[in-house]
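In what follows, a structure is listed as structure tokens, so that the remarks can point back to it.
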Amino acid sequence: MTGPREPDEVTGEETERLAALLHAVEDAEELLVVTHDNPDPDALASAAALGFLLQHCEGLGTTLAFGGIVGRAENQALIRELGVDFDRLGRENGISPGTVVALVDTQPRAGNNSLPAGRIANVVIDHHPPRPETEASPFVDVRPDYGANCSILVKYLRAAELEPDRRLATGLFYGIQSETADLGREASRADISASLYLYPRIDPEAYSRILHPRLPKGYFRSVHQTLEKARNYGRVILAPAGVLAYPDMVAELADLLIRARGTEWAVATGTFDGRLLISVRSSKPLAHAGDLVRGVIGDRGSAGGHGMLAGGQVSLEGLSEEEVERVSASVLEDFLEALGASGEPSESLT
Ligand SMILES: [Mn+2]
């Protein structure tokens, strides 16, 4: 028997990584932290934490930004409780030369961020599988064994002996719990340790406001429509949601559907602003969901993810309504085939 676990100590390796990070930004005038489009809590809190760290350690003026939209009520509440502003970044936006760009929870050319083409990311801190394009960045810290990117940022804060304020601690804690399904999905020792460190520092009322936000009517409409359209194919649920109320809705639906008893895979799709968005969840720890989505989407679009959760998108720009239907249907069919479920008769989930 072992006693209750204490947060890990800061190692010399972490101190060295912090020194290298600070060295990489020391000549900067400004810092721009970019996270992936339609960001999730892990991305949002990671960005806020990196801004906080470099503001305090290097006195850098910091802008946080992402492309796309935050629609999920929990994620909007997280931004409110973090008390930071995020700029909207278009792929065409110029970034001034004296600005250091940091990517968090994503990597250069991953297809899910709005870092302008040709712009080098000076700093990359991520927990998705490393990509070859990332090697061009001067400072890279990619830890695919971490369940949440926020847990990497906690290592930096602790190495810097920089206490996160209550708002940031609350946001980071939520980011980790949300990404790892409360430490039950792909959580590593580092995620548990970061959670133990953060928990005494959070604001419980703010945390509760993030977890239990009021929901817009569009949420119920989308859930209702999706449940009616969702089909069971053995252990697979396919849910073509149609037009989404907001882009991160598709992840919310996949999170809901994977909870259906007996389900090993949930695939939710929907369209938003000229794109087919895909979100995949698996209940199996060694599912390789990221590989699955990459294989199915192929060169039709972009995809990425981890073992138990993944996502992707396919551009629908310029397609007629009929063509959109056809592309959407063929993506779902390809998922069924890849999951070995195509021959089985489907039944309605409800
Ligand atoms: Mn993440």
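The values are calculated or read from the model by the stated rules, or taken from the named source; none is laboratory data. On a predicted model such as this, the values are computed, not experimentally measured, just so you know. For neighbour counting, all protein chains shown are included, and Cβ atoms are generated from backbone atoms with ideal geometry for every residue, glycine included.
The table that follows gives values for the structure above.
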| read-out | value |
| --- | --- |
| Hits in segment 199-227 (condition: under 20 Å from the mean Cα position of the chain (by Cα) and under 30 Å from residue 9 (Cα atoms)) | 207, 210, 211 |
| Some residue of segment 306-324 being more than 16 Å from the ligand (Cβ to nearest atom), under 16 Å from residue 237 (Cβ atoms) and assigned by TED's automatic domain parsing to the domain that holds residue 240 | no |
| Scan of segment 257-289 for residues that are among the charged types (D, E, K, R) and either over 13 Å from residue 38 (Cα atoms) or buried (at least 23 other Cβ atoms within 10 Å of the Cβ) (or both), ordered by number | 259, 261, 264, 281, 284 |
| Any hit, segment 89-98, residues being out of contact with any Lys or Arg (no Cβ under 7 Å at 6 or more places or on another chain) and either within 16 Å of residue 20 (Cα to Cα) or touching a residue at least 60 places away in the same chain (Cβ under 8 Å) (or both) | yes |
| Residues within segment 52-71 that are closer than 18 Å to residue 170 by Cβ and either in contact with an Asp or Glu (Cβ under 9 Å, 6 or more places away or on another chain) or of a type in the set (Asp, Glu) (or both), tallied | 3 |
| Criterion: among the polar types (S, T, N, Q) and closer than 21 Å to residue 149 by Cβ - qualifying residue of 195, 283 | 195 |
| Test: residue in segment 307-314 that is surrounded by fewer than 20 Cβ atoms within 10 Å (Cβ to Cβ), touching an Asp or Glu at 6+ places or on another chain (Cβ under 7 Å) and either at pLDDT below 95 or in a loop (DSSP other than H, G, I, E, B) (or both) | yes |
| Residue 46 hydroxyl-bearing (Ser, Thr, Tyr) and more than 15 Å from the ligand (Cβ to nearest atom) | no |
| Some residue of segment 339-346 being on the phi < 0 side of the Ramachandran plot, touching a Phe, Trp or Tyr at 6+ places or on another chain (Cβ under 9 Å) and of a type in the set (D, E, K, R) | yes |
| Among the candidates 181, 254, 245, 206, residue that is buried (at least 24 other Cβ atoms within 10 Å of the Cβ) and more than 17 Å from residue 7 (Cα to Cα) | 254 |
| Selection from segment 117-141 of residues that are surrounded by fewer than 19 Cβ atoms within 10 Å (Cβ to Cβ) and either within 12 Å of the ligand (Cβ to nearest atom) or over 19 Å from residue 32 (Cβ atoms) (or both) | 129, 130, 131, 132, 135 |
| Residues of segment 315-350 that turn out to be outside any loop (DSSP other than H, G, I, E, B), touching a residue at least 40 places away in the same chain (Cβ under 8 Å) and surrounded by 13 or more Cβ atoms within 10 Å (Cβ to Cβ), as a count | 9 |
| Segment 156-184, residues that are within 15 Å of the ligand (Cβ to nearest atom) and either in contact with a Gly (Cβ under 8 Å, 6 or more places away or on another chain) or not in a loop (DSSP other than H, G, I, E, B) (or both) | 171, 172, 173, 174, 175, 176, 177, 178, 179, 180, 183 |
| Tally of residues being closer than 14 Å to residue 269 by Cα and part of a strand (DSSP E or B) across segment 221-235 | 1 |
| Conditions (1) touching a Lys or Arg at 6+ places or on another chain (Cβ under 8 Å); (2) closer than 25 Å to residue 69 by Cα: number failed by residue 263 | (2) |
| Segment 105-116 residues that are within 19 Å of residue 306 (Cβ to Cβ) and touching a residue at least 24 places away in the same chain (Cβ under 8 Å), paired with ones that are aromatic (Phe, Trp, Tyr) and outside any loop (DSSP other than H, G, I, E, B) (beta carbon under 6 Å, 6 or more apart) | none |
